Amino acid sequence: MSKALIFDIKRYAINDGPGIRVTIFYKGCPLSCVWCHNPESISPYAQKMYTESKCIGSVKCVEICPESALQLTKQGIVTDVEKCTLCGKCAMICPTKAIEMSGKVYSSDELMKIIERETIFFDHSEGGVTFSGGEPLMHHKSLIEILDKCAEKDIHRVVDTTLFAKSEVVLEVAKRTNLFLVDFKAFESEVHRKYTGVNNELILKNIQLLAENNADFIIRVPFIKGVNADEETVERMADFLSTIPWKRKEVNLLPYHDVGKHKHTKLGSEYLVENMEVPSEDELTRAQDIFAEYGISASVGG
Amino acid sequence: MTIDKTIPQRAAKSGSNFDKNNGQGPGMNERIKQLRRVSVDTEPSLSIERALIETEFYKENYGKYSIPVLRAKTFYEICKHKTIYIGDGELIVGERGPSPKSVPTFPELTCHSVDDLNVLNTRELQRYTISQEEIDTYAKEVIPYWEGRTQRERIFNHVPEEWKAAYEAGLFTEFMEQRAPGHTTLDGKIYKKGLLEFKKDIQDHIDRLDYMNDDEATDKLEELQAMAISCDAAILLSERHADLAEELAAKEEDENRKAELLNIAEVCRWVPANAPRTFWEAIQMYWWMHLGTITELNGWDAMNPGHFDQHLEPFYNKESAEGTLSRDEAKELLSCFWIKVNNQPAPPKVGITARESGTYNDFTNINIGGVRKDGSDGVSEVSYIMLDIIEDLHILQPGSSIHISSRTPERFLKAGCNVIRQGHGYPSVFNPDVYIMEMLGHGKSIEDAREGGCSGCIEVGAFGKEAYVLTGYLNVPKILEVTLNNGIDPVTGKKAGIETGDPRTFTSYDELYDAFLKQLNFVVDQKVRVSNYIDRMFAKYAPAPLLSVLTDDCIARGRDYYNAGPRYNTNYIQCTGLGTVTDSLSTLKKHVFEDKNFSIDTILDAVAINFEGEEVLRQTILNNTPFFGNDDDAADDIALKVYNDLFAAIDGKPNTKGETFHLNMLSTTCHVYFGKVMGATPNGRLAGKSISDGTSPSHGCDTHGPSAVIRSLTKLDHTKSGGTLLNQRFLPSLLKRDEDIAKLSKLIRSYFSLGGHHIQFNIVDTATLLAAQKTPEDYKDLLVRMAGYSDYFNDMNADLQQEVIDRTENESF
C-alpha cells in the first residue's frame, strides 16, 4: 500500500466542490506561487511550523532536542536549520502546539477510514472527497490507489490540481475522477513563470487534454490585480477556454486575499507580494462579463 | 440570600433592552412598527396590583373555601378588578399586568422583600422599575400577610440537611422554589371548543360523581367547581375588554380605528366563551388562555401555543378561500400576537436563581412545521408567514423553532435556514422523528406524541395532555469534583456529598469511575426526594384550575394539573456539563491511568491551586487529550458511558403522580452559574469558568468542525432523553451564498438522520462580539442564541458574554 505526506484534512469543507466534503491536502507542489495561502503545501517534506503567540516558553522542546538545535530567544524558539533533522520530538512535547509538524504520512487505508466517517454528510448533500494540496498529482501513486478505493464505496471524487504533471498521469487520474478543479493562474507563460516558478505550456496542454477526453472540470482563477485581472488577460484566458471542446464552461474567480501572510511567518519564509492587489468589485464584474461574452459562466468564489 | 448594596443607580429611561431603530424588516407596516416601538421602548416594571387583590381576597376568605376553589376565586377577583388596557392600533388585546411590560408578582409562591424590590429597581441588568410608593404599599399590605405562608418557605422548612448541603454547594438547582411547575403547551382543542363547552363537560363530570363508592369524589367536586369558576373568570376578563373597546370606539374619531375597536369588541364577546370562527378570533382565543394561565399562577416558562401554525391553518385556508383574509392581514394579526408575547417579560426572581438565568425571556416557544397527528407533514402557508414575521420583527419573545422531520419539504428548511442566517438566534431546529420516539419511550400514544413537541428550551412533551415538570439542573462536573475530594466541596470546604474513597489511592480508572457513579446516584436521590415533596406542596396549596381545564384529562379525572390530572405526568432532571465531565474523566484516564504521564497527585494538586504555576501541565492537557466533540472514540466512549449512567440514575425513579422521572440534557444558562460554584477541573478548565452547556462539547474543544461534533453527539442515543442540546456557532462568512444555506440544511438533515434531537446556530463573528462589548450601544440588536433560547448580547452579564465569545468558532473551512 502506498503512503503519502498529508498536511491537513478538513471536514465540513464547503468550498471545494459540490456538497459537504472532506478535503485531503497533499504536501508538495511543483509550483511555488508567490500568493500561495498554504505555503506549507509547497515543500514535499515534513516541515516544522512555529507560532510564537502560542509559545509559553516551557523550553521542553529545547531540552528534548537530540541535536541541540533549539534555543529560546527574545523572538521565541529559534531552530538551527543546519542541525535540525525534523525528527518531530519538539512538536510532540510542546504543551501548546506552538511547534507543530506540518506533514504526516498516511496510508490510503488510514485516509479511507477518515473519509468514510463523513459518509452520512456526503449522502445528504451529494458531497464527497476532494484531493487538494499542494499538488495531488505529485502523489499520483497514492492518489490513484485511494481514488479507486473511493470509487468502490461510491464516494464522489474531486481533484483540485494545477495540472502541472505528465499527461499520462493526468489521464490515469481522470479515469477515476468525477470532477477536476483546475487552477488557471496566468495566460502568458512568462507571467506564469514569474509568479509560480514554472511555465504553463504543459498546463494548457493538459487542460486541452482533459477537455478532449470528456473529463468534467471547473477552471479556477486566483484573481489578482497586477497579475491576471486586467481585461486583456481575462479576454485571452476566455478566448483559450472557448476554443477547447469543454462542456461545462464554468469558471470560478477567487479574489486575491492576503491571509497567507501569517503562515509564511510561521514557516519563517518570505511573502513576496510585489504589485499584487485585491481586485475591486467592478473588476470582478467586468471579468464575469468578458467570460460571458465567450459563452463561459464565471462566478465569484467557489 | 445576600443582597449586593453596591449596585449602581441607573436612570429609568436610559437604555432599554431592545433595539429601537434597527432590525425592522421591510414587511412591517406602520401599525406593527408602532406596536413594536411601544413594546421595545417600554422598560419592564413591576405591578403590585395582582398581589394587592390576592392578598385582600386571601385575608377575607382563606378557610372559607377548599383550596382549589379559593385559587379559582382569587383568579376570578384578579380578572374582575385588574386594570385593563387596549393600546393604540392594537388588534389583539390583553396584558398580564396593567400595561405592556408590566409584570405582576406572585406572593403566594415567593414574596419579594423590600430589599428585593429595591435591587430589582436599581440593578444594572434585567431591571424592573417600581416606585417608592408602591414599595411602601407592598411592605404594608402584602409582605406581612405572606410571611411564613409562601410555597418557598414551606419547601425550605422541609428540606433535609443532605439536600441543603448539596444545593448550597451548587450540585443542583431547584426550579420550584420560586415558580410553579409549568412548561406547558396547548394542543388544538381550544380552537374547536369554547369555555362554555368546557363548562358543560365539567358539569357532566360533576353530575356523574359517585359519592358512595369514590372516596375522592368530594375532592373532585371541589376541583371541578374550581375549574368552572376559572372559565368564568377568563370569560369575564374578555367581556371587560369588549366593554372597553366599545367605550373607546364611541369616543374614536377615526372611522377606521372605530371599526377596528368594534371588531375587537365583537371578537372579545365571542371568544373565549365560544369556539373561534375566524383567524383573528383563533389568535385572540389562544391569547386569553395564555394570559389566563400565566395570571392564575406563575408557571415556569410562560405558556406555549404549541403547533400554532397547524392550529391556525384551517382558519387561514377558509378565509383566504372566501377572500375575507389576505396574507398580509394574516401576517399583521400574527405580528400583533408576536408583540403581545414580547410585552410579557418573565416575572423576576431573587437569590440563587437570579444568577442562574438572567433574562427577561419567559421562554414561550412557537413550534413551526413538524408533523401532524396522522404523521403527515405539518408545514403550511401559515408556517412561512411565521418565518417572515421572525425575520421582520426581530424581538426577544416569543422564541421560535422549526421542526424538520424526514417529511418536511426542503423549501421550508431552506426558508428557516435563511432566517437563521440573519443571525437573530432564531429559529432553533428540532427533529420530530427523534422526539416522537423519545415520547413513545416515555409511554405516550403515537398520536399524542406526534401532537407533542418542544416548549421553552428543548424539553419535549405531549402538548395539551401532559404536565412535564423541569425540576432543576444537575451539575454533573461538580459531582466529579466532589468525588475527587471524597465528598467535600473544595470551594467551601464543606461536606456536600458522601465519602466515596480518597481518589489519590485509586489504582485504576474503573475505581475512579465507580466512585463518581456512587456520588452521582446519591445526589440524584437527594434531588428526587425533595422534588417529590415539592410536587405535593403544589398539588395541595397551589392548584391551577384554568390550566387543568386546558389539559387532558384533568376534567375527566377530576384532578388538578399538579395532582396527576393530566394524561401524562413527567418529572425531568436536566443534566448539565457532559462535555466538561467527559473531558475531565478523559484527562485522568489518559494521563494518569493509561499513559502515566502524570500522577493523580500532580493533577489533583494542580487543580486544587487552579493550575497556578502549572501552565505547562494545563496546556499539555488542553492540547494532548482526547476531548468530546471531535469524533474521537477515546473521549466519546466516556461521554456515552456518562450519558447512559445518568439515564440509569434518573429514568424510572417514581414521582408522586404514579409515573416517573426522565433524563433531560438542557442547560439554559445554568452552565454559567454552575461554573461559578466550581474550582478548576482536570480538563484544564479554570475555576469559575462556565462548564459546557447541554450536550455541546466544552468551549473551544471541538476543533474538527461541525460534522465531527455531530458524529460525536450522535454516538449518544438521544431517544433515551427528553431532549439534548447542541449549540453551534457559525460566522456569517460561512453562510454567504445560497449554496452555503443549502449545505447548512444538509448538515441539519445529516444530524437528524443520525438521531440528533436539536441544533441551534449563532451566526456571529468574534470581531462583532468584541466590538459589542466595547460599545454596547451600537450593538443593541445583537441577538445571540444561548443554550435553548435567544437573548440580547447587551443584556447578558460579562460572564455570559465571555461564554458566547469562547464558544468554538467555525471559521472558514
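The values are calculated or read from the model by the stated rules, or taken from the named source; none is laboratory data. Computed from a prediction, not measured in an experiment: that's the story for all the values here. We place every Cβ from the backbone using ideal geometry, glycine too, and count neighbours over all the protein chains shown.
A few points about this structure:
- There is no residue in region B:259-266 that is part of a helix (DSSP H, G or I) and over 20 Å from residue B:90 (Cα atoms).
- Reported count of residues in region B:482-517, each being touching a residue at least 24 places away in the same chain (Cβ under 8 Å) and assigned to a helix (DSSP H, G or I), is 10.
- From B:576, B:582, residue being among the polar types (S, T, N, Q) and over 27 Å from residue B:463 (Cβ atoms): B:582
- Going through (1) of a type in the set (D, E, K, R); (2) closer than 20 Å to residue B:295 by Cα; (3) buried (at least 19 other Cβ atoms within 10 Å of the Cβ) one by one, residue B:281 falls short only on (2).
- Residue A:26 vs. criteria buried (at least 22 other Cβ atoms within 10 Å of the Cβ) and within 14 Å of chain B (Cβ to nearest Cβ): no
- Filtered residues of region B:711-743 (kept if in contact with a strand residue (DSSP E or B) (Cβ under 8 Å, 6 or more places away or on another chain) and facing another protein chain (nearest Cβ under 9 Å)): B:734
- Pairing residues of region B:98-113 that are part of a loop (DSSP other than H, G, I, E, B) with residues that are aromatic (Phe, Trp, Tyr), at Cβ distances under 6 Å and at least 6 apart in sequence or on separate chains, gives B:99/B:85; B:107/B:146; B:111/B:146.
- Here residue A:103 clears all of (1) more than 9 Å from chain B (Cβ to nearest Cβ); (2) on the phi < 0 side of the Ramachandran plot except the condition numbered (2).
- Residue in region B:599-619 that is surrounded by the fewest Cβ atoms within 10 Å (Cβ to Cβ), counting only those that are in a helix (DSSP H, G or I), over 37 Å from the mean Cα position of the chain (by Cα) and within 11 Å of chain A (Cβ to nearest Cβ): B:615
- Residue within region A:189-203 that is of a type in the set (Gly, Ala, Ser) and surrounded by 18 or more Cβ atoms within 10 Å (Cβ to Cβ) present: no
- Near pairs, Cβ below 6 angstrom, 6+ apart or cross-chain, from region B:374-399 (more than 14 Å from residue B:32 (Cβ to Cβ)) to any residue that is assigned to a helix (DSSP H, G or I) and of a type in the set (A, V, I, L, M, F, W, C): B:379/B:412; B:382/B:312; B:387/B:415; B:387/B:419; B:397/B:341; B:398/B:341
- Scanning region B:410-438 for residues that are of a type outside the set (D, E, K, R) and farther than 24 Å from residue B:461 by Cα yields B:415, B:417, B:418, B:419, B:420, B:422, B:423, B:424.
- Residues in region B:155-183 that are among the charged types (D, E, K, R), over 24 Å from residue B:672 (Cβ atoms) and crowded, with 18+ Cβ neighbours inside 10 Å: B:162 only.
- Region A:106-126, subset at the interface with chain B (Cβ under 8 Å from one of its Cβ atoms) and closer than 22 Å to residue B:632 by Cβ, residue surrounded by the most Cβ atoms within 10 Å (Cβ to Cβ): A:121
- Looking across B:687, B:708, B:680, one residue alone is surrounded by fewer than 20 Cβ atoms within 10 Å (Cβ to Cβ), more than 21 Å from the chain's Cα centre (by Cα) and either more than 14 Å from every other protein chain (Cβ to nearest Cβ) or modelled with pLDDT under 95 (or both). It is B:687.
- Selected residue [more than 14 Å from every other protein chain (Cβ to nearest Cβ) and without any contact (Cβ under 8 Å) to a residue 12 or more places away in the chain] from A:85, A:73: A:73
- Yes/no for residue A:141 being touching a strand residue (DSSP E or B) at 6+ places or on another chain (Cβ under 9 Å), more than 14 Å from every other protein chain (Cβ to nearest Cβ) and in a helix (DSSP H, G or I): yes
- Test: residue in region B:178-188 that is over 29 Å from residue B:151 (Cβ atoms) and out of contact with any Cys (no Cβ under 6 Å at 6 or more places or on another chain): yes
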